[in-house]
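The values are calculated or read from the model by the stated rules, or taken from the named source; none is laboratory data. Only a predicted model underlies this, so the values are computations on that prediction, with no experimental measurement involved. FYI the Cβ positions are ideal-geometry reconstructions off the backbone, even for glycines, and counts take in every protein chain you see. Accessible surface is based on the protein model in full, side chains and every heavy atom, while ligands, DNA and RNA are left aside. Shrake-Rupley method; radii C 1.70, N 1.55, O 1.52, S 1.80 Å.
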Amino acid sequence: MNIETSLPNFLPNALRQPQAVVQALQDRLLARMVELCYLHHPFYSKLMRREGLEPRHIRNCAELERLPPCSKTEFLADPDSFRLNPEALGNAGTLWKVVYTTGTTTGRPAPVYVAAHDHFAYMFGFQDRQDIIGLRDTDRLINLFPLTNFPLGAFARAADEVAAVGAAIVFGHTGRAEMGFPLNRPLDEAVAAVARHRVTVLWGVAGFVRRVLIRARDLGADFSSVRMVMTTGEAASPAMRADFRMRMAELGCADTVVVNRYGSTEQGGTMIECTDGSGFHSVQPDQLFHEVVDPATGKRLADGESGHLAVTHLNRRGTVFLRYMVGDVASLDHAICPHCGRTSVRMSSTPVRSGDIIKIRGALVNLANLKSTFDRSRDIDEYQIVVRPQDEADVFSMDELVIRLAPAQGSAAVGERVAEEVQRLTNLRPRIEIVGRDEIYDPITASKPRRIVDARPPR
């Protein structure tokens with residue numbers, strides 16, 4: 001059965017199209033995607049048959065709610081079962097590249113297959129919608145994502161976005177790969193590359209970009225060409241973005257633009273704030289459908305209600321997800337953006353990793369509040385929030401909240417102030433540990449900071 005059609009599968013300037021036009025395309029693309037999955041997708045073919053569903057039952061995005069959502073647990077258990085059978089897809093299914101996300105149950109990274117069709121669709125989206133990102137064809141961007149043993153999604157896709165716009169790219173090659181070839185470079189060399197190449201845009205994980213700006217100040221590096229920072233892969237709170245702007249101004253950067261992006265390797269796309277606090281716009285509404293669901297029931301929640309963000313691919317031929325819960329709690333807003341007039345759906349609340357809301361000593365604590373407070377502090381270079389048993393030898397020991405801090409130069413007395421602030425926000429008195437920057441986050445060995453560590457054994 002050939003269900004590919006000659007009808008257009010994208011919308012030029014999709015972020016400003018009437019919502020009814022976008023929805024009509026989404027419905028048509030979803031119907032085709034569901035049929036492909038029913039015929040050629042190991043995981044969803046099995047799931048739909050188990051649930052008594054056929055493609056005729058899911059003809060549009062409203063009817064998608066009939067399909068139970070899935071999560072990273074199912075994906076990591078068998079990543080290959082989420083790949084469409086390439087033999088059934090012709091040239092569109094030809095493998096273009098493989099990127100990887102966090103580890104499977106065996107400890108190995110999980111592959112996300114990018115078909116030729118997907119690669120061209122991704123590049124088209126960013127060529128057509130570069131105005132919301134702000135990249136220019138005259139920019140020189142430095143890729144500050146780490147060079148690791150396997151291609152991280154953001155590392156590989158940075159070149160794709162730059163190529164789509166027609167800009168130039170420099171690779172920092174930070175991190176540490178264990179392949180026997182000395183290709184990785186230290187942080188100081190990444191800072192030097194910014195100055196040497198007159199880089200205009202820094203792009204990386206928020207925590208690492210911040211370390212680059214801090215180190216540039218330490219070294220007195222010339223960052224006068226830098227006009228913009230883009231962050232993804234780690235939440236950048238309003239306080240952290242304000243910190244970026246302050247540091248960029250102190251370094252004499254050409255401008256202090258900060259582009260806040262939200263995405264994941266599995267999603268294969270991105271959401272971007274048009275301005276601080278606007279909410280994250282879906283940049284590819286003709287490729288991705290976003291909804292917020294109740295994970296217990298699978299019910300789709302209304303705008304403004306908080307639940308688990310789920311992503312559905314509308315037009316992919318490699319790894320495909322339908323109603324895939326990415327692990328973040330958020331809410332959506334389908335109203336036209338009051339800031340820029342774009343019509344695409346926005347993630348209206350700051351997403352919270354589901355692991356950020358945890359129970360300590362019997363009480364639910366939103367550790368995202370602590371992260372925001374620490375991001376705002378100029379006295380702290382790095383931090384980590386740890387929950388662990390007071391007595392590690394006792395499986396029933398009381399919980400202990402530990403804050404590990406790397407104070408900024410000349411701020412050694414920050415510990416007591418932080419302890420008081422944590423107690424005010426959580427009603428818990430933490431233990432403070434003062435350590436070095438790299439003891440919390442070593443950019444040579446880790447792709448991004450691990451801000452929250454729950455070290456308690458299962459009970």
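One table, with the values for the structure above:
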item	result
Unmet criterion (only one of (1) touching a Gly at 6+ places or on another chain (Cβ under 9 Å); (2) open to solvent by 20 Å² or more (accessible area, probe 1.4 Å)) for PRO449	(2)
Scan of the range 17-32 for residues that are in a helix (DSSP H, G or I) and either of a type outside the set (Lys, Arg) or crowded, with 21+ Cβ neighbours inside 10 Å (or both), ordered by number	GLN19, ALA20, VAL21, VAL22, GLN23, ALA24, LEU25, GLN26, ASP27, LEU29, LEU30, ALA31
Pair list, Cβ under 8 Å, 6 or more apart: the range 203-229 residue under 17 Å from ARG261 (Cβ atoms), other residue part of a helix (DSSP H, G or I) and of a type in the set (Asp, Glu)	ARG210/ASP243
Test result for GLU178, acidic (Asp, Glu), over 30 Å from SER372 (Cα atoms), outside any strand (DSSP E or B) and over 24 Å from the mean Cα position of the chain (by Cα)	yes
Residue among GLU35, GLU65, GLU87, GLU54 that is over 24 Å from the mean Cα position of the chain (by Cα), modelled with pLDDT of 95 or more and surrounded by fewer than 13 Cβ atoms within 10 Å (Cβ to Cβ)	GLU54
Test: residue in the range 434-443 that is closer than 21 Å to ARG211 by Cβ, in a loop (DSSP other than H, G, I, E, B) and hydroxyl-bearing (Ser, Thr, Tyr)	yes
Test for VAL326: is it open to solvent by less than 10 Å² (accessible area, probe 1.4 Å), among the β-branched types (Val, Ile, Thr) and either under 18 Å from VAL283 (Cα atoms) or touching a strand residue (DSSP E or B) at 6+ places or on another chain (Cβ under 8 Å) (or both)	no
Subset of the range 1-12 [modelled with pLDDT of 55 or more and open to solvent by 80 Å² or more (accessible area, probe 1.4 Å)]	SER6, LEU7, PRO8, PHE10
Wholly within the range 186-261, helices (runs of 4 or more DSSP H) carrying at least 1 residues that are at pLDDT 95 or above, farther than 23 Å from SER377 by Cβ and open to solvent by 60 Å² or more (accessible area, probe 1.4 Å)	187-196
Members of the range 38-51 found to be hydrophobic (A, V, I, L, M, F, W, C) and open to solvent by less than 30 Å² (accessible area, probe 1.4 Å), listed by number	LEU47, MET48
Per-region count, the range 145-169, residues over 20 Å from MET179 (Cβ atoms) and in contact with a Gly (Cβ under 6 Å, 6 or more places away or on another chain)	0
Given (1) hydrophobic (A, V, I, L, M, F, W, C); (2) in contact with a Ser or Thr (Cβ under 8 Å, 6 or more places away or on another chain); (3) modelled with pLDDT of 90 or more; (4) surrounded by 20 or more Cβ atoms within 10 Å (Cβ to Cβ), number of the condition LEU147 does not satisfy	(3)
Hey, ALA167 at pLDDT 95 or above, surrounded by fewer than 21 Cβ atoms within 10 Å (Cβ to Cβ), in contact with a strand residue (DSSP E or B) (Cβ under 8 Å, 6 or more places away or on another chain) and small (Gly, Ala, Ser) or not	yes
Output for the range 414-459, where each listed residue is free of Cβ contacts under 8 Å to residues at least 12 places away in the same chain and of a type in the set (Asp, Glu)	GLU420, ASP438, ASP442
Hits in the range 234-267 - residues which are within 22 Å of ARG136 (Cα to Cα) and of a type outside the set (A, V, I, L, M)	ARG241, PHE244, ARG245, GLY252, CYS253, ASP255, THR256, ASN260, ARG261, TYR262, GLY263
Any chance LEU370 is buried (at least 17 other Cβ atoms within 10 Å of the Cβ), assigned to a helix (DSSP H, G or I) and either on the phi < 0 side of the Ramachandran plot or at pLDDT 75 or above (or both)	yes
Members of the range 281-305 found to be part of a strand (DSSP E or B) and either of a type in the set (A, V, I, L, M) or more than 23 Å from GLU65 (Cα to Cα) (or both), listed by number	LEU288, VAL292, VAL293
Residue in the range 400-446 that is most open to solvent (accessible area, probe 1.4 Å), counting only those that are closer than 30 Å to MET179 by Cα and among the charged types (D, E, K, R)	GLU439
Unmet criterion (only one of (1) at pLDDT 85 or above; (2) more than 30 Å from the chain's Cα centre (by Cα); (3) open to solvent by 30 Å² or more (accessible area, probe 1.4 Å); (4) closer than 27 Å to MET246 by Cβ) for ASP379	(2)
